[in-house]
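Working notes for the structure below.
The values are calculated or read from the model by the stated rules, or taken from the named source; none is laboratory data. Small disclaimer: the values here were computed from a predicted structure and weren't measured. Cβ atoms come from the backbone with ideal geometry, glycine included; neighbour counts cover every protein chain shown.
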Amino acid sequence: MKHEGEKKGGGLVGSALTLAACYFVLCLVCFLMIVINDPANWTGYFLENYTDLITLAVCALLLCAIVYYYYYFEDRAFVAQAHNVVLVFSLFIVCIAMSYAFGKLIDIYARPCALFALLCVFLFNRRQAILLNFIFSVMMFVIDTYTNNFTAEGATTQVYYSLMLNFVCGTFAIFAAAGAKTRGGLLLTGCVISIPTVIIVTLLQVPVIYTEPVVFFISIGCAVFGCIVSGILALSGLPIFEKIFNRLTVFRLRELTSTNAPLLVRLKQEAPGTFNHSLVVAQLAESCAVAIGENAELARAAAYYHDVGKLKQPDCFTENQTDYNVHDELMPELSADIIRSHARDGYELLTASHFPKIIADCAREHHGTLPIKYFYNKAMRLSGGEADVGDYSYLGPTPRSRIAAIIMIADASEAATRALKDRSPEKVEHTIRTIIEERMDLDQFADCDITIRDLSVIRQTLVETLSGVHHHRVEYPAIRFNRDRKAVKEEEKR
Ligand SMILES: [Fe+2]
Ligand SMILES: [Fe+2]
């Protein structure tokens, strides 16, 4: 534990230094804005307005500090990784640059006011997106106020418009995006937030509706354009951030769980038994995740890929064998080594294929450090009781997330109940209870924050779901029909 704490402390120092570097990049962006706004006399602007620029620098520093402290208290593990700090500030810098470019080239209302909020809600979560969008709105307000972005008449009013649009439309976008599960849905969100945006712009433009109707309609057009552009830019920017920072979004999960995903196609063709097993485990894991309030899509994706390590030697695993079992000819040490290596092979394959870390971790952790009973038993028989259980156990680590724990239990439950002759709910319940208790006795859940209550809910869910998956069919009557569609009893025919 002390080691973990030291590691996290070191990470926090590293991420604080990264934050300082990001702050300087942000200052550099503001400096560039001032130079672009007034290329002929930017030095004069600096000399005349140095107090404003100091205020801007201090305000930006305070806003950066608020972001850091928010994560420090809310999600220390997140902020302890420097690349997450870089991700948050890359979003700030990209969106500030976009807002500046659209405001400068088209109109202040054409700024993609919901872009930052949309990127944040898909790359992080709703709570973080609301806080970050608030900070972004204030940051943009401070930049507009203390730089020469708006110098014409009515500049102060425009700066307030921008603050209002960024904050209100961004927050609306966060809630509107809740239902977007596809990339098309994200585009639609951009269109939907045009409605509150048009209302806000209309309210802001009330004084000019009758006096300058053309200005009013141009503003409305620009505001709708800004919302649609927010959706389009978020759609094109998300895959870039997903890829560079290896972030898991709902869209990426959808792509990974599509039956056309390359690794799943390989699994279907090269290890059909494992593929079918993974589908059932995915169904079970999804139900369990819903029951304990975990991410169901993530549980499904992790279950689909938990056994991909078997692709290395698919014929060595029972579910892909027909009559011939290669282990009949192998020493139990070698057999156990082949079996246990599928967890590590899966992790390596998924890491090499740039899968999200949590999915690769689930593949490595789904057997924890459990013994491979069949081969340990065989070794004990052959050696007269001399076998060491460590040589016949998975290499671990044990599950470190609730999702990995769900996969571990669902995987074992699927395999165990499939082998049952009597699949009455009582028998299934007894089997799953034994599986969970055995894993608790062997400390398999010591490194993840799953509770006894979660385990109890998972057990009940698995009993209900497995009773549905492996239900007994009503026995078909022994009747066949002949060509004249007349029923003939099977016995009579024989
Ligand atoms: Fe496995
Ligand atoms: Fe499995």
Quiz item: Can we say L165 is out of contact with any Lys or Arg (no Cβ under 6 Å at 6 or more places or on another chain), farther than 30 Å from F78 by Cβ, modelled with pLDDT under 90 and in a helix (DSSP H, G or I)?
Solution: no
Quiz item: If H306 passes every condition in (1) within 20 Å of Y347 (Cα to Cα); (2) without any contact (Cβ under 8 Å) to a residue 40 or more places away in the chain but one, which one does it miss?
Solution: (2)
Practice problem: Please work out which residue is farthest from S456 (Cα to Cα), limiting yourself to region 279-334 and to residues that are more than 16 Å from the chain's Cα centre (by Cα) and β-branched (V, I, T). | Solution: V326
Practice problem: Hey, can you tell me all the residues within region 388-427 that are in contact (Cβ under 8 Å) with a residue 40 or more places away in the chain, farther than 21 Å from I339 by Cβ, more than 16 Å from ligand 1 (Cβ to nearest atom) and assigned to a helix (DSSP H, G or I)? | Solution: R402, P425
Self-check item: Answer residue from region 294-317, given it is away from ligand 1 (no atom under 12 Å from the Cβ) and assigned to a loop (DSSP other than H, G, I, E, B) and is nearest to I359 (Cα to Cα) among those
Solution: N295
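To keep it simple, each residue is scored yes or no on (1) under 30 Å from E464 (Cα atoms); (2) within 16 Å of ligand 2 (Cβ to nearest atom); (3) among the acidic types (D, E).
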residue: E348; (1), (2), (3): no, no, yes
residue: H367; (1), (2), (3): yes, yes, no
residue: L370; (1), (2), (3): yes, yes, no
residue: Y374; (1), (2), (3): yes, yes, no
residue: K378; (1), (2), (3): no, no, no
residue: A387; (1), (2), (3): no, no, no
residue: Y394; (1), (2), (3): yes, yes, no
residue: A416; (1), (2), (3): yes, yes, no
Quiz item: So which residues in region 439-464 are touching a residue at least 60 places away in the same chain (Cβ under 8 Å), within 18 Å of P397 (Cβ to Cβ) and part of a helix (DSSP H, G or I)?
Solution: R439
Practice problem: Just one of (1) over 30 Å from R126 (Cα atoms); (2) of a type in the set (S, T, N, Q); (3) part of a helix (DSSP H, G or I) trips up Q283, so point out which. | Solution: (1)
Quiz item: Does region 309-325 include one or more residues that are more than 16 Å from ligand 2 (Cβ to nearest atom), farther than 29 Å from I432 by Cα, surrounded by 15 or more Cβ atoms within 10 Å (Cβ to Cβ) and assigned by TED's automatic domain parsing to the domain that holds I458?
Solution: no
Quiz item: Do we find that A343 is in contact with a Pro (Cβ under 9 Å, 6 or more places away or on another chain), within 30 Å of L256 (Cβ to Cβ) and in a helix (DSSP H, G or I) in this structure?
Solution: no
Self-check item: Selection within region 26-84 - in contact with a Leu (Cβ under 7 Å, 6 or more places away or on another chain) and either of a type in the set (K, R) or not in a helix (DSSP H, G or I) (or both)
Solution: A80
Quiz item: Considering region 37-78 alone, what residues qualify as being of a type in the set (A, V, I, L, M, F, W, C) and touching a residue at least 40 places away in the same chain (Cβ under 8 Å)?
Solution: L53, L56, C59, A60, L63, C64, I66, V67, A77
